[in-house]
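The values are calculated or read from the model by the stated rules, or taken from the named source; none is laboratory data. Only a predicted model underlies this, so the values are computations on that prediction, with no experimental measurement involved. Because the Cβ atoms are built from the backbone with ideal geometry, glycine has one as well, and the counts that use them run over all protein chains shown. Just so you know, the surface numbers come from the protein's heavy atoms only, side chains and all, with ligands and any DNA or RNA stripped out. Shrake-Rupley method; radii C 1.70, N 1.55, O 1.52, S 1.80 Å.
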Amino acid sequence: MSQNCEAIYEYSAKVLDLISKADVDQTEASWITKQTVEGFREYVNPGFLAYRKSVTKGGQYASVEWRDSGPNCFIDLHGKEYIDCLGGFGIYNVGHRHPKVIKAVKDQMDRQALHSQDLLDPLRAMLAKILAELTPGDLKYSFFTNSGTESVEAAIKMAKIHQNNKGKHTFLATTRAFHGKSIGALSGTAKSGFRKPFLPLVGGFRHVAFGDIDMMQKTMQACAMVGEDVAAILVEPIQGEGGVIIPPDDYLRNLRELCDQYEALLIFDEVQTGMGRTGKMFCSEHYQVVPDIMCLAKAFGGGVMPAGATIASEKVFANLFENPFLHTTTFGGNPLACAAAIATINVLLEERLPERAAEIGSWFLAELKNAVSGHEDKVLEVRGKGLLIGLEFLNDQIGYEVSKGLFDHGILVAGTLINAKTIRIEPPLTITREQCTKVCNALRSVLAGLTK
Ligand SMILES: *Cc1c(COP(=O)(O)O)cnc(C)c1O
């Protein structure tokens, strides 16, 4: 590539001009669309275009998102509005661009964006205090991150430093788990398609069927018998990416008991289930189980800033007291992210969004069940907790067709290339009943239009 600085300068200036505009005209919209599609093909990854084609009808794969429209919708470049039932895989719990979150971030940005990295930064301390109060049991100290993957990575390292000198090195995760894709987090993730190209991963990870407490107990026992004691169990309270899989009611409590019995740590990955999504602030509260380490991200930054946290009990976190630089990140816990997270928690409490998720979620679930009744040949199950809902189809193909049909009706759901058999409905917790009814009606009409 030649160093054509003048052309680069002009191109960047043109893009900056577009960013600054509240609205673009037709010519600009066409230019942006062309640049986006070409840019993905030539410079990002053409695989994304193939994926978009697989989940949309006709030319709609080239739909380019441009602006939000109220808390629960967004609009593409050509003015088509979509109800956001994907919610960025669960990042928009307080809705898109909640004014309080935006204000907090803007106010902070106007004063100081990122910190010196050396002096004590106040918002990190205040957010950590809020989290210690908000999270269950004796969870107390927080390490801040920029993503769910980093939160899980930190949790694994905290468990390792706590257990290494006790000779416990084995990590138990569960089948169909999703914990992220860095080498450490991927070791906990269960999907063979994501893992196989990168083997061998971190040593000592084993996977046990999710929800099967007998198998977990036998595995703990076997590990102890062969001298490969378990350092920690890493688990999502409800599996998100795996297809909204809800464990038996006593599963998490039994895991807690097993961990206590074998002196293993219990790590809850609440990256997707936290921040009110399932009808409680944290999903583990439904089951009244307190983990030793909890991972947060996704909705933690209010859908405005990337932000995550790993919160641990003092017993576990104390291993990092002597040398706080043992595990660090430059941007984790930056003032903008902390401002966003503090505002997000304030909004969740003020608007009682966890309670709202429980209430509207159980009504929406019942409505969705109604909408699919009579289609038992296509839909296997509708299940969920709060506003984490999964529609499981007979096969991938039906999942694709339903996602496509809903997109055509202006509704975005998560029908992924990897697992279209179950599509996830994870709207902002602010979604209205009217919007839910629209989704149900669209689902009815899409299912009715499907040939077997
Ligand atoms: C999304 C997700 C992650 C990974 O988070 P990223 O922010 O994408 O790195 C980890 N765990 C769970 C349960 C998730 O849903």
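Data overview
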| item | result |
| --- | --- |
| Overall form of the stretch 237-384 per C-alpha gyration tensor (a/c, 1.5; a/b vs b/c) | oblate |
| Length gained when the stretch Glu6-Ser116 is fully extended (0.36 nm per residue, less Cα-Cα span) | 36.2 nm |
| Peptides ranked, highest mean first, by Cβ atoms within 10 Å: ranges 287-299, 178-190 | 287-299, 178-190 |
| Dipole of the chain, positive direction: furthest Cα of Gln117, Tyr51, Ile398, with charges on the beta-carbon | Ile398 |
| Contour minus Cα-Cα distance for Glu65 and Lys196 (0.36 nm per residue) | 43.9 nm |
| Cβ-placed point charges (K, R +1; D, E -1), dipole of the stretch 99-350 about Cα centre in debye, nearest 20 | 600 debye |
| Net lengthening on full extension, Thr432/Phe325 (0.36 nm per residue, minus Cα-Cα) | 34.0 nm |
| Accessible area per residue in Å² at 1.4 Å probe, computed on the chain | 46 Å² |
| Cα gyration tensor category, rounded, prolate or oblate, for the chain with a/c compared to 1.5 | oblate |
| Placed amide H near Phe393: partners under 5 Å, 5+ positions off or other chain | Leu380, Thr422, Ile423 |
| Residue (of Ala339, Gln288, Pro237) at the positive-pole extreme of the chain, dipole from beta-carbon charges | Pro237 |
| R0 of 25 Å, Cβ-Cβ distance Lys166-Arg206: FRET efficiency to nearest 0.05 | 0.85 |
| Whole-percent carbon and sulfur share, accessible surface of the chain, 1.4 Å | 54 percent |
| Nonlocal amide H pairs with Ser69, under 5 Å, H built at 1.01 Å | Phe74, Ile75 |
| ³J(HN,Hα) computed for each position of the stretch 399-410 - Karplus, 6.51 cos²θ - 1.76 cosθ + 1.60, integer Hz, glycine/proline x | x, 4, 4, 5, 4, 4, x, 5, 4, 4, 7, x |
| Charge-dipole axis of the chain as Lys and Arg at +1 and Asp and Glu at -1 on Cβ define it, positive-most pick from Leu266, Thr175, Tyr141 | Thr175 |
| Student exercise, the stretch 51-210 dipole from Lys, Arg, Asp, Glu Cβ charges, in Debye to nearest 20 | 680 debye |
| Gyration tensor verdict on the stretch 1-48 (Cα atoms; rounded if a/c is under 1.5, prolate if a/b is larger than b/c, oblate otherwise) | oblate |
| Cβ charges +1 (Lys, Arg) and -1 (Asp, Glu), total dipole of the chain, debye | 560 debye |
| FRET efficiency for Glu350 and Ile32, using Cβ-Cβ distance with R0 set to 22 Å, rounded to 0.05 | 0.05 |
| For the stretch 251-263, Karplus couplings with θ = phi - 60° (6.51, -1.76, 1.60), whole Hz, Gly/Pro x | 4, 5, 5, 5, 4, 4, 5, 4, 4, 5, 4, 9, 6 |
| Under 5 Å, built H, 5+ apart or other chain: amide partners of Ile411 | Ile83 |
